Every structure is written in C-alpha cells, then in structure tokens.
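Contents: one structure, followed by commentary.
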Amino acid sequence: MKASAIIVAAGSGVRLGYPTPKAFVPLGGAPLLRYALAAIAQVETIGEAVVTLPPGMESAARAEIRHAGLDLPVKLTPGGAERQDSVRIALELTSALAEVVVIHDAARPFATPASFAAAITAAARAGAAIAAIPLADTLKRVSEPNLIVETVPRANLWLAQTPQAFRRDLLVEAHRRALAAGIVATDDADLVQRLGAAVEVVPGASLNFKITTAQDLAIAAAIVAARADRPEPPRGADG
Ligand code: C5P
C-alpha cells in the first residue's frame, strides 16, 4: 500500500501572537494548512492522510482539503497536548497496511512534493529518512544571559526539518517505547534513533523553514507574493 501522511496542525501558535490557531493563519490568502495539503496532493506515493487539529477546526479543515485538491481518504483528529502526542494519536489512525508513514508540520508551508517523495523512497529502503540541511552559520553555546561559552564545530551538524518518513513498524515501536519510558523528543527521528535504528537525511531546503514568529510569517508572505504568478499552491479562490 502507498504511504500514509500525517500532517500535524494542532498547535496553538502562541508565539505567533495571532488569535487563530497557527495552521489556520492566512498566508497569501490561504491558511498555512492548505500549503501542506496541496503539497501531499502532488505526491504519487501517498495514499491517505491523517490531520491533527485544534478543537473546533474540523469543518475549516474539510474546506482546506477541498481547496487543496486533495483527493485521498483523509481522517481528522484532535491533537494531543504536545506535538509528540499529536503524532502518536494520528499514527494510531493510519492504515496498518501502509509500509511507510511520512510526518509533516503544517507550520512549514514551503515543503516541496519532491521532498516528501524523497523521504518516502529513502524510508522504504533504509527504514527512516528526514529532510535536513547542513548548518551554514557558526554555532555558539551561550550561558545565561548572553555570554559565549564555546564555539561548537559545525562540521556534520544539520538542521532537521519535516517531512520525516519512517517504516510504520519502526515509528509505532518508537512511540510505544517513548510513551512507556516518558521520553519527550522534539522530533520523531530522535525517537526512532533511540531504538538504535539508522535515520538518513534527504535534501531539505532553507525555504522549508518553520513559521514560529510574526517575522517568519512576514518573510513567508513576501515569498508567496514573489511567487504570485506561479500556478502552485494555494489552489482555490479564497482562504
Ligand atoms: O509548535 P510548533 O510550531 O513547533 O509545532 C510544530 C507542528 O506541530 C505545527 O504544525 C503544530 O500545529 C503541530 N502541533 C500539533 N500538536 C501539538 C503541538 C504542535 O499538531 N500539541
């Protein structure tokens, strides 16, 4: 069976300072969520999707599925308290027949269909693969409040992004163990690595940044405006 996609979109986005939950904050006339849905709509190897949502956003999400032209079975579910909880809840709703599950943050509107496809292909072969980019800046460890303690050599340091794809059995086991042991990680690759499994990187992109602050949103809006003549996502007439 084709891969299952999990779109985590249940975050509140408090740091964005917006009254709307983050996945529904407008960007270029469409909510952030639509960008992720439109990207997976173009990935041949994805056969179903599960989307985690904040309370009360189901009908808004259904509208976005239509606008994105996503013609797949999609399940909607309330998210959990933390991102990791949301992924675990969504994972339980994915088909047990899917060999690979690919996870993506709705807060990253510029992930390309090619990055999903690459992560899925690599995960089917190697077990786990995530989009990542090599660190370009010099890394400093700073003690409170503002003193540099050391320069961390940046050779071999990469920034992890999503999409992140895993063989489903590996991911299920990683979340089962994390829940049992009370392990909280900031991404799923970390949980899978704790099983001793290898995780590959596939090319991410600096454009595939996560929208966290109002400044990130302003940068994203400028990117969308610059692309306005392209017939790419968001599809549909309004947000
Ligand atoms: O908060 P942050 O931006 O790091 O969250 C990353 C992604 O995880 C976002 O797309 C957010 O909607 C999602 N999330 C979730 N459930 C939570 C927290 C975050 O689905 N409890």
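Here are a few things to note about the model shown:
- Being closer than 29 Å to G28 by Cα and either of a type in the set (A, V, I, L, M, F, W, C) or in a loop (DSSP other than H, G, I, E, B) (or both) holds for only one residue in A136, A174, and it is A136.
- Considering only residues in region 88-104 that are in a helix (DSSP H, G or I) and in contact (Cβ under 8 Å) with a residue 12 or more places away in the chain, the one that is farthest from A132 (Cα to Cα) turns out to be L93.
- Residue that is farthest from the ligand (Cβ to nearest atom), among those in region 42-61 that are part of a loop (DSSP other than H, G, I, E, B) and not aliphatic (A, V, I, L, M): E44
- Residues of region 113-133 that are touching a Phe, Trp or Tyr at 6+ places or on another chain (Cβ under 6 Å) and either over 27 Å from L191 (Cα atoms) or not in a strand (DSSP E or B) (or both): A123 alone.
- Inside region 15-36, residues that are more than 13 Å from the ligand (Cβ to nearest atom), in a loop (DSSP other than H, G, I, E, B) and touching a residue at least 24 places away in the same chain (Cβ under 8 Å) make up a count of 3.
- Within region 62-92, being surrounded by 22 or more Cβ atoms within 10 Å (Cβ to Cβ) and either over 16 Å from the mean Cα position of the chain (by Cα) or more than 12 Å from the ligand (Cβ to nearest atom) (or both) holds for E64, A68, L70.
- V101, sole failed condition from (1) more than 14 Å from the ligand (Cβ to nearest atom); (2) surrounded by fewer than 16 Cβ atoms within 10 Å (Cβ to Cβ): (2)
- Whether a residue is at pLDDT 95 or above, away from the ligand (no atom under 13 Å from the Cβ), small (G, A, S) and not in a strand (DSSP E or B) was assessed, and A107 does not pass this test.
- Any chance D169 is among the acidic types (D, E), at pLDDT 95 or above, within 24 Å of V43 (Cβ to Cβ) and under 17 Å from the mean Cα position of the chain (by Cα): no
- Subset tally (residues that are touching a Lys or Arg at 6+ places or on another chain (Cβ under 6 Å) and β-branched (V, I, T)) for region 47-73: 1
- Of A5, A39, all but one fail to be outside any loop (DSSP other than H, G, I, E, B), over 20 Å from R88 (Cα atoms) and more than 9 Å from the ligand (Cβ to nearest atom); the exception is A39.
- Where a residue in region 53-75 is within 14 Å of I7 (Cβ to Cβ) and its partner, wherever it lies, is of a type in the set (D, E) and surrounded by 15 or more Cβ atoms within 10 Å (Cβ to Cβ), with Cβ under 9 Å and at least six apart: L70/E64; L72/E48; P73/E48; V74/E48; K75/E48
The values are calculated or read from the model by the stated rules, or taken from the named source; none is laboratory data. Fair warning: this is a prediction, and the values are worked out from it, not measured in the lab. We place every Cβ from the backbone using ideal geometry, glycine too, and count neighbours over all the protein chains shown.
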